[in-house]
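The values are calculated or read from the model by the stated rules, or taken from the named source; none is laboratory data. What you see is a predicted model; the values in this text were computed from it and never measured. A quick note on method: Cβ atoms are made from the backbone with ideal geometry, for glycine too, and the neighbour counts reach across all protein chains shown.
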């Protein structure tokens, strides 16, 4: 072996230059890492600012929620009251529907009875027309008989009056 192994190195720069070059490389790498950390820090600052913004907006929303909570509670109570009233209305509407259904049935029965009564009325009317015709015929016949008897009686009365006049004239 040789006594001085460092003499045969390919880089002929001095040892101090080489050490300083290495330090410079380390410095450059540290500067790069430091720049990266600065960029990451800036990002963290931006994220932190966004979190602060979100937190402030959340606080605003929460304060508004506390402000509107009584309103929402009243609205919810009103909605529940309306729901109860709608249930009562549904019950009443159901009762009305039942009554209307009963009325419809009664009206249908009345319509049926009216139709039957109309048919009966027509048959009675036809019977009355027939009875009237028959009665007119019978009345005419009776009047004809009465007229015939009157005429016969008239002749008989004239004849009797003539005889009475003759007898009166004979007794007078």
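Determine if the stretch 152-164 includes at least one residue that is surrounded by fewer than 10 Cβ atoms within 10 Å (Cβ to Cβ) and without any contact (Cβ under 8 Å) to a residue 60 or more places away in the chain. No, that holds for no residue. So, residue 20, is that one surrounded by 10 or more Cβ atoms within 10 Å (Cβ to Cβ) and either modelled with pLDDT under 80 or assigned to a loop (DSSP other than H, G, I, E, B) (or both) or not? Considered against the rule, which asks whether it is surrounded by 10 or more Cβ atoms within 10 Å (Cβ to Cβ) and either modelled with pLDDT under 80 or assigned to a loop (DSSP other than H, G, I, E, B) (or both), residue 20 comes out as no.
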